[in-house]
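S.K.: Here's a structure for you.
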Amino acid sequence: MTQAPQLPDLPFHAWTDTRLTLHLILQIIGKSQLKLTTRKNHWWYITLYVTSRGFGTHSIPINCGQDSVDITFDILRKEVVILCSTGRIMTISLKKEPDVATFYKQYMEALASLGLSPQFVPKPFDMGVDEPFDQLKEYHHYDWDFINRFWGIMRWNDAIFKEFSGRFYGKTCPVQIYWHHMDLAVTRFSGKKLPAMDSSARTLEKDTYSHEQISFGFWAGDDNVQEPMYYSYTYPSPEGIDQEVLKPDAAKWMDSNGSPMVLLTYEYVKNAKDPAGAVLSFLESAYQAGAKRAGWNLEELKVPAIKDL
C-alpha cells in the first residue's frame, strides 16, 4: 500500500434499497452455513469473507466430509454461485433483479438438489423486517455500481485489518463478515474468561462475549449511525477508557448502550492524505486504550519484526 487509493463515496441514503437487498441475501447464505457447519467458538463458523469475486463462505463439508461446497455472492458475474468439490456448479442469476422471495426459492432448490436442507429460522435477523424470506417481494434492488463500491471498500479494509491482526500474538479471530450487521470485523482476546451471563441474555451474546476482548470493525451504517463507520469497543468496558487519547484526532468516543465505543467516519478516512495510515492508527490507538485500561500484557502480546526475533 505505497500509494494512497482513490476510495469511492458511499453515501448512506443513496443505496438503501440495494444495501438491504444485499444484506438479506447474505443473511440467507450465512444462515445456511450456520446449519451446515460444525460449531466453532464465538460464532466463527457462520461468518462470511471478502473474496476475489465478492462475498462468500468458507468450504462447507458435506456428505460426511467426503465433499464440500463454497457459496459466493459473485459480484463480477452478478449471480450467487454454489460450487461443489464434485465439479458441479449451480448458479442463481441476479441479472434480472429477482426479489428476495424468488431468490430464496431458487437458492433452496439448488441446495436441495445436493441433498442439503439447512433448517434455519427463515426470517431476517435483527433487521427490523418481520416477514419470512419467502414473502419478501419488495426487496429487489441491485445497483451494481454501489455494490461494487461497497465490495471495493471491503476488500481494501480486509487487507488493512489483516495487517493489523498480524501484529498480535494472542487469540484473534479471522477477518470476517458478520452477516448480523454486515460488518467486517476482527477481534483480539486477552485469554481471560468472563463470568457467565444471566439467563436473560441471548445465546448470541453468551458465546460472543464469553471472554475479555477488544473488537474492531467497519460497517456501512445503520438507522442509528447513518454513514459508513469504523468502530472499536472493549468488552467488558474498563473504567475510564473514554479518557484515553485516540488517533487520528477525528476519532471520537461515543456511548453505545451505556458503554464507550470509539468511532471514526469513513468520510474522514476517504479524504485523508494517508487513508491506510489513518485506519491503522485508529485501530492501534483503540487497542492501546482498551488493553492498557484492562491490564493486558502489551509487550507479551506484541508480534516483533522478523529482524527482532
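S.K.: If you place +1 on the Cβ of every Lys and Arg and -1 on the Cβ of every Asp and Glu, how big does the dipole about the Cα centre of the chain come out, in debye to the nearest 20?
M.R.: So the dipole magnitude of the chain works out to roughly 940 debye.
S.K.: Related question: Tell me the label-point distance for the pair HIS13, LYS123, using the 7 Å Cα-to-Cβ offset, in nm and rounded to one decimal.
M.R.: 3.0 nm
S.K.: Could you give the length gained by full extension between LEU309 and ARG39, i.e. 0.36 nm per residue of separation minus their alpha carbon distance, to one decimal place? Numbers along the way, then the final one.
M.R.: Working: separation 270, 0.36 × 270 = 97.20 nm, distance 3.53 nm.
Gain on extension, LEU309 to ARG39, equals 93.7 nm.
S.K.: May I pose another question? Where the centroid of each part is defined by its Cα atoms, how far is the range 238-287 from the range 78-145 in Å?
M.R.: 36 Å
S.K.: Still on this structure, I have one more. Within 10 Å of each candidate Cβ there may be at most 11 other Cβ atoms; applying that plus a DSSP loop requirement, which trypsin sites (Lys or Arg not before Pro) in the range 203-295 survive? Could you put the intermediate results ahead of the total?
M.R.: Working: sites: LYS206, LYS252, LYS270, LYS273, LYS292, ARG293; in loops: LYS273.
Here the sparse-neighbourhood loop sites are LYS273.
S.K.: What number in nm² do you get for the chain if you take the convex hull of its Cα atoms and divide its surface by four? Provide the component values of the computation, followed by the final result.
M.R.: Values: hull surface 70.7 nm².
The Cα convex hull of the chain, projected and averaged over all directions, gives 17.7 nm².
S.K.: Considering the convex hull of the alpha carbon atoms of the range 66-215, report its projected area averaged over all viewing directions, in nm², one decimal. Walk me through the numbers before you get to the answer.
M.R.: Values: hull surface 47.9 nm².
The number I arrive at for the range 66-215 is 12.0 nm².
S.K.: For the range 237-292, with only Lys/Arg (+1) and Asp/Glu (-1) charged at the beta-carbon, what is the dipole magnitude about the Cα centre, in debye rounded to 20? Before the final figure, lay out the partial values.
M.R.: Numbers: 5 positive and 8 negative charges, 38 e Å.
Roughly 180 debye for the range 237-292.
S.K.: Now, a different point. Which value, in debye to the nearest 20, gives the size of the charge dipole of the range 1-105 about its Cα centre, when Lys and Arg are +1 and Asp and Glu are -1 at the Cβ? All intermediate terms of the calculation are to be shown ahead of the outcome.
M.R.: Values: 12 positive and 8 negative charges, 54 e Å.
So the magnitude is around 260 debye.
S.K.: Follow-up. Which entries of LYS123/LYS206; LYS78/LYS105; LYS31/LYS302; LYS78/LYS137; LYS31/LYS105; LYS193/LYS247 have Cα-Cα distances beyond 24 Å here? Working shown, then result.
M.R.: Values: LYS123/LYS206 21 Å; LYS78/LYS105 18 Å; LYS31/LYS302 35 Å; LYS78/LYS137 19 Å; LYS31/LYS105 15 Å; LYS193/LYS247 29 Å.
Pairs exceeding the cut-off: LYS31/LYS302; LYS193/LYS247.
S.K.: So, with a 1.4 angstrom probe, what is the percent of accessible area on the chain that is carbon and sulfur? Display every interim value, and only then the final one.
M.R.: Numbers: 7510 of 15130 Å².
Of the solvent-accessible surface of the chain, carbon and sulfur hold 50 percent.
S.K.: Under 1.5 on a/c is rounded, so check that first for the range 72-120, then, if it is not, pick prolate when a/b is larger than b/c and oblate when it is not; a ≥ b ≥ c are the square roots of the alpha carbon gyration tensor eigenvalues.
M.R.: Values: a/c = 2.35, a/b = 1.19, b/c = 1.98.
Oblate shape, in that a/c is at least 1.5 and b/c is the bigger or equal ratio.
S.K.: Using a simple spin-label model with points 7 Å from Cα along the Cα→Cβ vector, what separation in nm is obtained for LEU114 and GLU163?
M.R.: It is 3.5 nm.
S.K.: Hey, got a sec? Which GluC sites (Glu not before Pro) in the range 203-309 land in a DSSP loop and have at most 15 other Cβ atoms within 10 Å? Spell out each step's value before the answer.
M.R.: Details: sites: GLU205, GLU212, GLU239, GLU244, GLU267, GLU284, GLU299, GLU300; in loops: GLU239, GLU244.
For GluC sites (Glu not before Pro) across the range 203-309 that sit outside H, G, I, E and B with at most 15 neighbouring Cβ atoms in 10 Å, the list reads GLU239.
S.K.: Which of the GluC sites (Glu not before Pro) found in the range 102-176 are in a DSSP loop and have at most 15 neighbouring Cβ atoms, other than their own, within 10 Å? List each step's numbers first, then the result.
M.R.: Working: sites: GLU109, GLU138, GLU163; in loops: GLU138.
Listed in order of number, the matching sites are GLU138.
S.K.: Any idea what angle helix 275-294 forms with the longest principal axis of the chain, computed on alpha-carbon atoms, 0 to 90 degrees, nearest 10?
M.R.: Rounded to the nearest ten degrees, it is 70.
S.K.: For the Cα atoms of the chain, what angle does the longest principal axis make with the long axis of helix 100-112, in degrees from 0 to 90, nearest 10?
M.R.: 80 degrees
S.K.: Okay, next question. Relative to the first principal axis of the alpha-carbon coordinates of the chain, what is the inclination of helix 16-36, with its axis defined by its Cα atoms, in degrees from 0 to 90 and to the nearest 10?
M.R.: Once rounded, the angle reads 80 degrees.
S.K.: Hey, if we sort LYS96, LYS307, LYS123 by accessible area with the 1.4 Å probe, largest down, what's the order?
M.R.: Working: LYS96 190, LYS307 165, LYS123 85 Å².
Ranking LYS96, LYS307, LYS123 by accessible area, largest first, yields LYS96, LYS307, LYS123.
S.K.: With every protein chain left in place, what is the accessible area per residue of the range 102-203 in square angstrom, probe 1.4 Å? Show your work: numbers first, answer last.
M.R.: Numbers: 4970 Å² over 102 residues.
Value for the range 102-203: 49 Å² per residue.
S.K.: Once Lys and Arg get +1 and Asp and Glu get -1 on their Cβ, which of GLN176, PHE189, GLY166 lies farthest toward the positive end of the dipole of the range 139-196?
M.R.: So the residue furthest toward the plus end is PHE189.
The values are calculated or read from the model by the stated rules, or taken from the named source; none is laboratory data. Owing to the predicted nature of the structure, the values given are computational and were not obtained by experimental measurement. With ideal geometry, Cβ positions are generated from the backbone for all residues, glycine too; neighbour counts draw on all protein chains shown. These area figures cover heavy atoms from the full protein model, side chains too; ligands, DNA and RNA do not enter into them. Shrake-Rupley method; radii C 1.70, N 1.55, O 1.52, S 1.80 Å.
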